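Each remark here refers to the structure printed beneath this line.
The values are calculated or read from the model by the stated rules, or taken from the named source; none is laboratory data. Everything numeric in this text was worked out from a predicted model, so none of it was measured. Methodologically, a virtual Cβ is constructed for each residue, glycine included, from the backbone with ideal geometry; neighbour enumeration extends over all protein chains shown.
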């Protein structure tokens with residue numbers, strides 16, 4: 001899962017090889033039956049690695065939830081990993 005602080009987001013993803021400065025792609029998952037504001041996180045060459053956090057219990061600090069981020073991006077957006085934390089990653093939106 002992921003969240004956003006201004007232009008930062010938190011993803012609850014458990015992948016040990018993720019490192020700061022790596023780029024990810026955020027894609028709205030319009031056919032998700034569990035969350036109408038789901039945003040999946042993809043890593044080039046690997047595919048979906050997780051989702052932007054969308055719960056007050058999974059969002060870190062003042063970062064954006066998927067619900068707050070959903071209307072701020074198009075069908076997809078690019079992000080860069082800022083921090084890799086024990087329960088996920090903190091990212092920022094990039095152009």
*Can you name the residue in the range 44-64 that is in a strand (DSSP E or B) and touching a residue at least 24 places away in the same chain (Cβ under 8 Å) and, of all such residues, is nearest to residue 92 (Cα to Cα)?*
64
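Do we find that residue 69 is at pLDDT 90 or above, over 9 Å from the mean Cα position of the chain (by Cα) and in a helix (DSSP H, G or I) in this structure?
In short, yes.
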*Kindly establish whether residue 29 is at pLDDT 90 or above and farther than 16 Å from residue 89 by Cα.*
yes
*Which numbered condition trips up residue 53, out of (1) touching a helix residue (DSSP H, G or I) at 6+ places or on another chain (Cβ under 7 Å); (2) at pLDDT 90 or above; (3) within 16 Å of residue 83 (Cα to Cα)?*
(2)
*Of all residues in the range 14-58, count the ones that are loosely packed, with under 10 Cβ neighbours inside 10 Å and touching a strand residue (DSSP E or B) at 6+ places or on another chain (Cβ under 8 Å).*
3
*Members of the range 59-71 found to be surrounded by fewer than 21 Cβ atoms within 10 Å (Cβ to Cβ) and over 19 Å from residue 30 (Cβ atoms), listed by number*: 61, 62
*Please determine, by comparing only the residues of the range 74-95 that are over 12 Å from the mean Cα position of the chain (by Cα) and modelled with pLDDT of 90 or more, which one is nearest to residue 50 (Cα to Cα).*
75
*When you scan the range 86-95, how many residues do you find that are surrounded by 13 or more Cβ atoms within 10 Å (Cβ to Cβ) and out of contact with any strand residue (DSSP E or B) (no Cβ under 6 Å at 6 or more places or on another chain)?*
1
*Within the range 72-83, tally of residues that are touching a residue at least 60 places away in the same chain (Cβ under 8 Å) and either buried (at least 18 other Cβ atoms within 10 Å of the Cβ) or part of a helix (DSSP H, G or I) (or both)*: 2
